[in-house]
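Have a look at the structure below, then the notes.
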Amino acid sequence: MLFEGDRFAAAPSALAFITFCVAMTLGACWEIFEFAMDQTLGLNMQKSGLMDTMGDLIVNGIGAVLASLVGFLYLRFRAVGVLSRPIEQFINLNKTYYRKAIDRLKR
């Protein structure tokens, strides 16, 4: 659905939106985990309660927006200045790992 062979079939804006949603979901799940640990084990992971949780979610939202924006710019224009080379290295490294995993599954 998102891929056609080695290429993305989805629009860069759709992938950026998915990236944002996944990042926010992970942040919310972490906050639920903190709450559960505080309630069940008597830990103090949330420190000051609501203020800690909201601060964490705000920072998570800022990070999600930045990650989505950098990903969108890379996919749309294939260049994001200084970040272009590390992103390309990451993609190439993961293609190698992906192909190795597929080869192992075919055996």
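Here, each number is a calculation from the coordinates, and none is a lab measurement. Since we're looking at a predicted model, the values are computed, not measured. Here the Cβ is made from the backbone with ideal geometry for all residues, glycine too, and neighbour counts use every protein chain on show.
In this simple spin-label model, placing a label point 7 Å from the Cα along the Cα-to-Cβ direction at both Y97 and A10 gives a separation of 2.0 nm. For the range 35-48, the Karplus equation 6.51 cos²θ - 1.76 cosθ + 1.60, evaluated at θ = phi - 60°, returns couplings of 4, 4, 5, 5, 6, 8, 10, x, 6, 10, 6, 8, 6, 9 Hz by residue, with Gly and Pro reported as x. Size descriptor for the range 9-80, Kirkwood hydrodynamic radius: 13.5 Å (Cα pairs only, one decimal). Between helix 84-106 and the chain, what is the angle of the helix's C-alpha long axis to the longest principal axis, kept within 0 to 90° and rounded to the nearest 10? Result, in degrees: 80. Can you work out the FRET efficiency for the pair L57 and Q89, with r the C-beta to C-beta distance and R0 = 30 Å, to the nearest 0.05? The value I calculate is 0.45.
Using C-alpha pairs under 8 Å with a sequence gap of at least 6, the mean separation divided by the residue count of the chain gives a relative contact order of 27 percent. One chain, two ends: R104 and L2. Fully extended at 0.36 nm per residue, the span grows by 34.4 nm beyond their Cα-Cα distance. Applied to the range 57-72, the Karplus parametrisation 6.51 cos²θ - 1.76 cosθ + 1.60 on θ = phi - 60° returns per-residue 3J(HN,Hα) values of 5, 5, 5, 4, x, 5, x, 5, 5, 5, 4, 5, 5, 4, x, 4 Hz, with x for Gly and Pro.
Dividing the summed helix terms, -39500 (n - 2.57) for each DSSP H run of n ≥ 4, by the number of residues in the chain produces a 222 nm estimate of -27000 deg cm²/dmol to the nearest 500.
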